[in-house]
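*Asks:* Sharing a structure with you now.
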Amino acid sequence: MFSHFLDESKDKEFLSDESNAQPTFHKSLLHQVGAPTNEAGLCVELANLYTEYQLHKAEKKFLNEKPEKVYAEAIEERKHQEVLLNKGEDFYHSAFVDNKIPYHIELVDVEKMKTSEGVKSVLHGVSHALLMFQLPTPKHSSGKKILHQVAVGQDKQDSSKSYFFDPNRKEVEVIGPCDEVYTEVANTIQQNASAHKKDMVVAIEIAPSLPPYSTHP
């Protein structure tokens, strides 16, 4: 089911958000490190790195680092994901794969996820999830279908709150009451999801989160 979503066209890529006229974290990061704005996007790498942080595997939130450090970590994650790909593993959800977190994948109606109620029905009580959906294809592109990935779940500092991480937003990280976060997720999908793709991929953790990193040997 998941492979069908990704492999039905060989022309799908993860590209930068150059079609988005608004300032975003991703654009700012590329600009600050001098990378081309049309460089292959880092949403999958960044979303998985952020999920690693929320899984307690990162002692320091990587977003607090200098842009060069964040970019370097994203590139290293890309190389690691390429290794997973070559091994036939699910590199799109490397945070779950690397930490041996059981998860299941659902195809969810995009229209359902355009409302906070719909987002809540899918994600309420979920510790960690990675959402992937198709973006509109820029007019000046070669017609390639563009996928985008974001992270949503329960905040590790306060499990009564939820988090939303999206590199294609200026405010890349949103943490707050879950209903408010679900509204942010719904608004993002409503504003950015392609009208030509009815489904989106949602990878959901089905096991409790790992204990804090410091408790491991």
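*Asks:* Test each condition in (1) under 22 Å from VAL172 (Cα atoms); (2) out of contact with any His (no Cβ under 8 Å at 6 or more places or on another chain) for LYS87 and report the one that comes out false.
*Replies:* Against the list (1) under 22 Å from VAL172 (Cα atoms); (2) out of contact with any His (no Cβ under 8 Å at 6 or more places or on another chain), LYS87 comes up short only on (1).
*Asks:* Does LYS156 meet the test of being out of contact with any strand residue (DSSP E or B) (no Cβ under 9 Å at 6 or more places or on another chain), among the basic types (Lys, Arg), surrounded by 14 or more Cβ atoms within 10 Å (Cβ to Cβ) and over 20 Å from CYS43 (Cβ atoms)?
*Replies:* Criteria not met by LYS156.
*Asks:* When the residues of region 70-94 are filtered to those that are under 19 Å from the mean Cα position of the chain (by Cα) and among the basic types (Lys, Arg), which remaining residue is surrounded by the most Cβ atoms within 10 Å (Cβ to Cβ)?
*Replies:* ARG78
*Asks:* Is region 207-214 home to any residue that is of a type in the set (Ser, Thr, Tyr), outside any loop (DSSP other than H, G, I, E, B) and modelled with pLDDT under 90?
*Replies:* Yes; the residues of region 207-214 include at least one that is of a type in the set (Ser, Thr, Tyr), outside any loop (DSSP other than H, G, I, E, B) and modelled with pLDDT under 90.
*Asks:* Report yes if some residue within region 123-130 is of a type in the set (Ser, Thr, Tyr), under 20 Å from LYS61 (Cβ atoms), surrounded by fewer than 14 Cβ atoms within 10 Å (Cβ to Cβ) and modelled with pLDDT of 90 or more; otherwise report no.
*Replies:* no
*Asks:* For region 46-76, give me the residue count where each residue is part of a loop (DSSP other than H, G, I, E, B) and either touching a residue at least 12 places away in the same chain (Cβ under 8 Å) or within 22 Å of THR24 (Cα to Cα) (or both).
*Replies:* Residues meeting the conditions: 8.
*Asks:* State all residues of region 77-110 that are part of a loop (DSSP other than H, G, I, E, B) and over 19 Å from PHE164 (Cα atoms); if no residue qualifies, say none.
*Replies:* Scanning region 77-110 gives LYS87, GLY88, GLU89, ASP90, ASN99, LYS100, ILE101, PRO102.
*Asks:* Taking region 185-200 only, how many residues are aliphatic (A, V, I, L, M) and part of a loop (DSSP other than H, G, I, E, B)?
*Replies:* 2
The values are calculated or read from the model by the stated rules, or taken from the named source; none is laboratory data. None of the values given here were measured: they were computed from a predicted structure. Methodologically, a virtual Cβ is constructed for each residue, glycine included, from the backbone with ideal geometry; neighbour enumeration extends over all protein chains shown.
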